[in-house]
1. With every protein chain kept in place and ligands, DNA and RNA left out, what is the accessible area per residue of the chain? Probe 1.4 Å, answer in Å².
2. Quick one: among 74, 107, 142, which has the greatest mean-square fluctuation in a GNM of the chain with alpha-carbon springs under 10 angstrom?
3. Starting at the first residue of the stretch 32-44, write each ³J(HN,Hα) from the Karplus equation 6.51 cos²θ - 1.76 cosθ + 1.60 with θ = phi - 60°, in whole Hz, x for Gly and Pro.
4. Carbon and sulfur atoms: what percent of the 1.4 Å accessible area of the stretch 85-177 do they account for?
5. Once amide H atoms are built 1.01 Å from N in the peptide plane, which residues 5 or more positions from residue 114, or in another chain, come under 5 Å H to H?
6. Once amide H atoms are built 1.01 Å from N in the peptide plane, which residues 5 or more positions from residue 20, or in another chain, come under 5 Å H to H?
7. Residue separation times 0.36 nm, minus the C-alpha to C-alpha distance between residue 70 and residue 139: what's the value?
8. Quick one: if the Förster radius is 41 Å, what FRET efficiency do residue 77 and residue 114 give, using the C-beta to C-beta distance and rounding to 0.05?
Amino acid sequence: NLEHPQFWCKTRTGSPWAGHVSLAYPEVRAHKLRYLDELLARKPEAIFLDFWRCGGWSVATEYVRPVLDRWAAKYGAEPPPRDAKDPRWRALVAEDIMGYLRDYGRKCHAAGARFLIGFKDFDREDRMIAETYAIDWKALAKDGTIDGFVVMGVKQDYSDPFGEIRRTLAYAKANLG
């Protein structure tokens, strides 16, 4: 990443996140998909993309030129929202993230590997994943992009924590088909 700061993710204030490069750049997506090709050459049964430990691609750090240009084309001079939870901003960021995941899933499936993703902070309202990562996991499951996902954290109801976990996992399973 230090060799290619032009691709770094950035916050609303322009602060870079040098740990991640943005999927809004075609060069970055192509490079990451080449890494996937290297993994798939080893004939794995499954590929797991962990959005918790790797940080995923955050709605809050995709204030990069390609996304800002699309925002300006769609909304004119209005600045992008300071609140990364704004549904318009989320939808714009999701174009890149969901597109990348669909490309990733196609490559995995073409190579005979299942594709799984993992999230922290799962809740039955789907708010946490959508607002953090701009991912519609139900759409990815419905169109066959993902074969499953790992729930690494559940929003707790402390009056009934085990019941909440059971209900949330049943919800996730029902929506994966």
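1. On the way: 9590 Å² over 177 residues.
Value for the chain: 54 Å² per residue.
2. Ranking 74, 107, 142 by mean-square fluctuation puts 74 first.
3. Going residue by residue, I get 5, 6, 5, 4, 4, 4, 5, 5, 5, 5, 7, 6, x Hz, with x marking Gly and Pro.
4. Working: 2450 of 4580 Å².
C and S fraction of accessible area: 53 percent.
5. Amide H neighbours of residue 114, under 5 Å, 5+ apart: 46, 47.
6. Result for residue 20 returns 9.
7. Working: separation 69, 0.36 × 69 = 24.84 nm, distance 2.27 nm.
Extra length from residue 70 to residue 139 when fully extended: 22.6 nm.
8. Working: r = 45 Å, r/R0 = 1.10.
It comes out at approximately 0.35.
The values are calculated or read from the model by the stated rules, or taken from the named source; none is laboratory data. The model shown is predicted, which means the values in this text are computed figures rather than measured ones. Cβ: placed from backbone, ideal geometry, glycine included. Neighbour counts: every protein chain shown. Keep in mind that these areas ignore ligands, DNA and RNA; they rest on the heavy atoms of the full protein, side chains included. Shrake-Rupley method; radii C 1.70, N 1.55, O 1.52, S 1.80 Å.
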